[in-house]
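**Student:** Supplied in structure tokens, the structure appears directly below.
The values are calculated or read from the model by the stated rules, or taken from the named source; none is laboratory data. The model shown is predicted, which means the values in this text are computed figures rather than measured ones. No Cβ is skipped: glycine too gets one built from the backbone with ideal geometry, and neighbour counts run over all protein chains shown. Note: accessible area is taken over every heavy atom of the protein model, side chains too, but ligands, DNA and RNA are not part of it. Shrake-Rupley method; radii C 1.70, N 1.55, O 1.52, S 1.80 Å.
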Amino acid sequence: MTSRCWRWWGRSAWPWTRPLSAGSTPSFRHQFSTQEKTPQICVVGSGPAGFYTAQHLLKVTLCSQLRVLNAPAIWEGEEWGPSFSLRPTSCHPVPQQHPQAHVDIYEKQPVPFGLVRFGVAPDHPEVKNVINTFTQTAHSGRCAFWGNVEVGRDVTVPELREAYHAVVLSYGAEDHRALEIPGEELPGVCSARAFVGWYNGLPENQELKPDLSCDTAVILGQGNVALDVARILLTPPEHLEKTDITKAALGVLRQSQVKTVWLVGRRGPLQVAFTIKELREMIQLPGTRPILDPVDFLGLQDRLKEVPRPRKRLTELLLRTAMEKPGPEEAARWASASRAWGLRFFRSPQQVLPSPDGRGAAGVRLAVTRLEVTATAGSANSLPGGMECLCVCAHGYRLWPPPFLLLLSPLSGLYCSGWVKRGPTGVIATTMTDSFLTGQTLLQDLKAGLLPSGPRPGSAAIQALLSSRGVQPVSFSDWEKLDAEEVARGQSTGKPREKLVDPQEMLRLLGH
């Protein structure tokens, strides 16, 4: 995959590498008149971070509402950044929205919603209900969606900063983190980002051809994304037929020969990154049984009183599954299961082992680790996969620029929210709160007169640039036409929708 981040964030694009010429902009300290001016705000990215930021800028939001939307288990012990944590008890009402502010949301895909559309698992439709809220925001007369516009290729960040009073970067993670181990390039090795994008219809991942003719898959990582991948690999295909998984992915999964999935983590049971909901789904997954070694959980019971309640509940579920004898019904279900999944702790990948003919992956060589000291490669073992195996790397995403660089900007009018701000961690509720805080900061800066003064052309200037460059943006009303087409295509097979995966087909349907 071509990484547009490197083009986007080259040195010439960064505003602090080039001082503003004298007189190029009026004083940033000049008080902004809310009665006479319309603040023009640009958001880059239409995923949860982008839409939640826009939502906060356009309407009143009280922190008491967040308390309803976020269960205490999500909040308690949640890390919100490098230097602080947020608790529900510290919430206060936030300022009202600016009554004239206009927000433009730019998105490189022709379709909106980012992670909700391309990252949330197809068997989690309830999580995607947040799209209804985003649609309400997009329907606001003071909000516009501009899809099919790639920042860095079609328009630059400096051009956006010239056209808007404020620019909010909310574009998420553009790539996966490389393992940087021998064999990573072998066929049969792919990133979780690409695999998730493949079954969720992300256009850039539709060329992925995962070979599921093997009997074992190794997933490097123990977070929610890793469990999503494992669950999709092991779920009976008939259970996915009524979801919005792509037709092509469902066809490949129907032919899958994968019977066992191992999820490998560098740390122990107390440090797993998945949540109790995803773990419970795996334990109850039809036709599968868990493989948990009781030895891995010895002594954990005594340490539970030291951990926060959400982690305690999660570890207790792991302990019960690993150490206790299952009930009659569960024992019968596990005995008849044709597929299995397991967790391997304190293991770090050292090498992807090639198959005898060198044309694929046959296993993963692992080093034994400890929390205090990483073991050397000499104390190693392997997870074999027979003649071939599938290796999915679910150990994280790569952001560019690194989040800390964004904090170094001395110029006003540039903000970030979501993963760009805090790194690729947390759930959608985390992103909501984070984005609301960004929106609140922007509004406070606006009220204090810290943003560029004077009128800005906003989308009028950007649309003229795009037109001169032959770029045809997709509006939200255009998206709703594509949405109706997807829903219509899915009706014949009982699916909520059949996703369009080819951007060129989308543009043809719109007459672009």
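**Student:** Which one of these does ARG231 not meet: (1) in a helix (DSSP H, G or I); (2) out of contact with any strand residue (DSSP E or B) (no Cβ under 9 Å at 6 or more places or on another chain); (3) open to solvent by less than 20 Å² (accessible area, probe 1.4 Å)?
**Tutor:** Only one criterion in (1) in a helix (DSSP H, G or I); (2) out of contact with any strand residue (DSSP E or B) (no Cβ under 9 Å at 6 or more places or on another chain); (3) open to solvent by less than 20 Å² (accessible area, probe 1.4 Å) is unmet by ARG231, namely (2).
**Student:** Turning to a different aspect of this structure: Taking only the stretch 399-446 into account, find how many residues are open to solvent by 50 Å² or more (accessible area, probe 1.4 Å) and at pLDDT 90 or above.
**Tutor:** Narrowing the stretch 399-446 to residues open to solvent by 50 Å² or more (accessible area, probe 1.4 Å): 400, 404, 407-408, 410, 421, 425, 427, 437, 441, 444.
From the residues that got through so far, the ones that are at pLDDT 90 or above too are 437, 441, 444.
Going through the stretch 399-446 one residue at a time, the tally reaches 3.
**Student:** Of all residues in the stretch 131-146, which are of a type in the set (A, V, I, L, M) and under 10 Å from PHE51 (Cα atoms)? Even if it seems obvious, please write down each step before you answer.
**Tutor:** Of all residues in the stretch 131-146, those of a type in the set (A, V, I, L, M) come to 131, 138, 144.
Selection gives ILE131, ALA138.
**Student:** Same structure again: Count, please, the residues in the stretch 100-142 that happen to be open to solvent by 10 Å² or more (accessible area, probe 1.4 Å), under 30 Å from PRO455 (Cα atoms) and in a loop (DSSP other than H, G, I, E, B).
**Tutor:** Residues that pass the stated criteria total 8.
**Student:** When you check LEU263 against the structure, is it farther than 30 Å from LYS108 by Cα and assigned to a strand (DSSP E or B), yes or no? I'd like the intermediate steps shown before the answer.
**Tutor:** On the way: farther than 30 Å from LYS108 by Cα: yes; assigned to a strand (DSSP E or B): yes.
Here the answer is yes, as LEU263 does meet what is asked.
**Student:** Being modelled with pLDDT under 95 and not β-branched (Val, Ile, Thr): is that true of GLY221 here? Can you show your working first?
**Tutor:** Numbers: modelled with pLDDT under 95: yes; not β-branched (Val, Ile, Thr): yes.
So GLY221 fits the description; yes.
**Student:** Condition test on LEU443, is it on the phi < 0 side of the Ramachandran plot, assigned to a loop (DSSP other than H, G, I, E, B), of a type outside the set (Val, Ile, Thr) and touching a residue at least 24 places away in the same chain (Cβ under 8 Å)?
**Tutor:** On the way: on the phi < 0 side of the Ramachandran plot: yes; assigned to a loop (DSSP other than H, G, I, E, B): no; of a type outside the set (Val, Ile, Thr): yes; touching a residue at least 24 places away in the same chain (Cβ under 8 Å): yes.
No, not satisfied.
**Student:** Right, another one. Could you list all residues from the stretch 477-506 that are β-branched (Val, Ile, Thr) and surrounded by 15 or more Cβ atoms within 10 Å (Cβ to Cβ)? Reasoning before the result, please.
**Tutor:** The first filter runs over the stretch 477-506 and keeps only residues β-branched (Val, Ile, Thr), leaving 487, 493, 501.
Of everything in the stretch 477-506, just one residue is β-branched (Val, Ile, Thr) and surrounded by 15 or more Cβ atoms within 10 Å (Cβ to Cβ), namely VAL501.
**Student:** Regarding the stretch 242-261, can at least one residue be identified that is out of contact with any helix residue (DSSP H, G or I) (no Cβ under 7 Å at 6 or more places or on another chain), assigned by the TED database to the domain that holds VAL392, modelled with pLDDT under 95 and closer than 30 Å to VAL368 by Cβ?
**Tutor:** There is no residue in the stretch 242-261 that is out of contact with any helix residue (DSSP H, G or I) (no Cβ under 7 Å at 6 or more places or on another chain), assigned by the TED database to the domain that holds VAL392, modelled with pLDDT under 95 and closer than 30 Å to VAL368 by Cβ.
**Student:** Could I ask something else about it? Collect the residues in the stretch 409-440 that are in a loop (DSSP other than H, G, I, E, B) and hydroxyl-bearing (Ser, Thr, Tyr), keeping them in residue-number order.
**Tutor:** Initial filter on the stretch 409-440 (in a loop (DSSP other than H, G, I, E, B)): 409-413, 417-418, 423-427.
Listed by number, the residues that qualify are SER409, SER412, SER417, THR425.
**Student:** Next question. Going by the conditions given, is GLY449 touching a residue at least 60 places away in the same chain (Cβ under 8 Å), surrounded by 14 or more Cβ atoms within 10 Å (Cβ to Cβ) and in the same structural domain as ARG153 (by the TED database)?
**Tutor:** The answer is yes for GLY449.
**Student:** Considering only residues that are open to solvent by 10 Å² or more (accessible area, probe 1.4 Å) and among the hydrophobic types (A, V, I, L, M, F, W, C), look in the stretch 261-282 and name the one that is nearest to the chain's Cα centre (by Cα). Give the steps one after another, and end with the answer.
**Tutor:** Keep residues of the stretch 261-282 that are open to solvent by 10 Å² or more (accessible area, probe 1.4 Å), which gives 262, 266-267, 270-271, 273, 275-278, 280-281.
Okay, now just the ones that are also among the hydrophobic types (A, V, I, L, M, F, W, C), so 262, 270, 273, 276.
Working: TRP262: 22, LEU270: 23, ALA273: 15, ILE276: 19 Å.
Filtering first and then ranking leaves ALA273.
**Student:** Here is a further query. If you scan the stretch 215-228, which residues turn out to be of a type outside the set (Gly, Ala, Ser) and open to solvent by less than 10 Å² (accessible area, probe 1.4 Å)? Give the derivation first.
**Tutor:** The initial filter retains those residues of the stretch 215-228 that are of a type outside the set (Gly, Ala, Ser), namely 215-216, 218-220, 222, 224-225, 227-228.
Matches in the stretch 215-228: VAL218, ILE219, LEU220, LEU227.
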